[in-house]
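The values are calculated or read from the model by the stated rules, or taken from the named source; none is laboratory data. These numbers come from a predicted model, not from an experiment. Note that we place each Cβ from the backbone using ideal geometry, even for glycine, and neighbour counts take in every protein chain shown.
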Amino acid sequence: MERKRMGELGEKLAADYLKKNNCRILGKNYRAGRLGEIDLIVSDNSTISFIEVKTRTGKKYGTPAEAVTYTKQKTIRRAAMCFLKDNGLVDSPVRFDVIEIMLAKDGNVLSISHIKNAF
């Protein structure tokens, strides 16, 4: 499966997973100018979560969460601050999560893991 298509599928699967777990989607692929992008922004009625989705078909290069480097974390934090300011939510409790999705080569879901407070 092509990387871009796999990433899009992973983000859709993650959004569906979050909705089933009583989260409200506030944003998808939120872009803060040149600062970067956040895959998903959700609310569980008490906390706003900024989520990086990582989809893989194997662990040859480590777990999906290990691909969220310190540089990527800084980018997400900066973009999150823009989202909070733009939406008047600066005083809201926030958290930064990673959702790991493992797929079989044929695209079937092997596992979805939601790592809360990942960074």
Name every residue in segment 66-90 that is within 17 Å of Thr55 (Cα to Cα) and of a type in the set (A, V, I, L, M, F, W, C), in order of residue number. Ala67, Val68
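Across segment 63-119, what is the total count of residues that are part of a helix (DSSP H, G or I), hydrophobic (A, V, I, L, M, F, W, C) and more than 16 Å from Leu35 (Cβ to Cβ)?
Taking segment 63-119 and keeping what is part of a helix (DSSP H, G or I), we get 64-67, 70-86.
Next, only the ones that are hydrophobic (A, V, I, L, M, F, W, C) stay: 65, 67, 76, 79-84.
Restricting the remaining residues to those that are more than 16 Å from Leu35 (Cβ to Cβ) gives 65, 67.
Of the residues in that region, 2 qualify.
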Before we move on, is Tyr70 touching a helix residue (DSSP H, G or I) at 6+ places or on another chain (Cβ under 9 Å) and either buried (at least 16 other Cβ atoms within 10 Å of the Cβ) or over 20 Å from Lys4 (Cα atoms) (or both)? no
For Ser49, work out the one condition from (1) more than 27 Å from Asn108 (Cβ to Cβ); (2) in contact (Cβ under 8 Å) with a residue 40 or more places away in the chain it doesn't fulfil. (1)
Pairs under 8 Å by beta carbon, first residue more than 11 Å from Glu100 (Cβ to Cβ) and among the basic types (Lys, Arg) in segment 59-70, partner in a helix (DSSP H, G or I) and at pLDDT below 85, six or more apart or different chains? none
When you go through Arg3, Arg24, Arg56 one by one, which is the residue that is surrounded by fewer than 13 Cβ atoms within 10 Å (Cβ to Cβ) and farther than 20 Å from Asp91 by Cα? Arg3
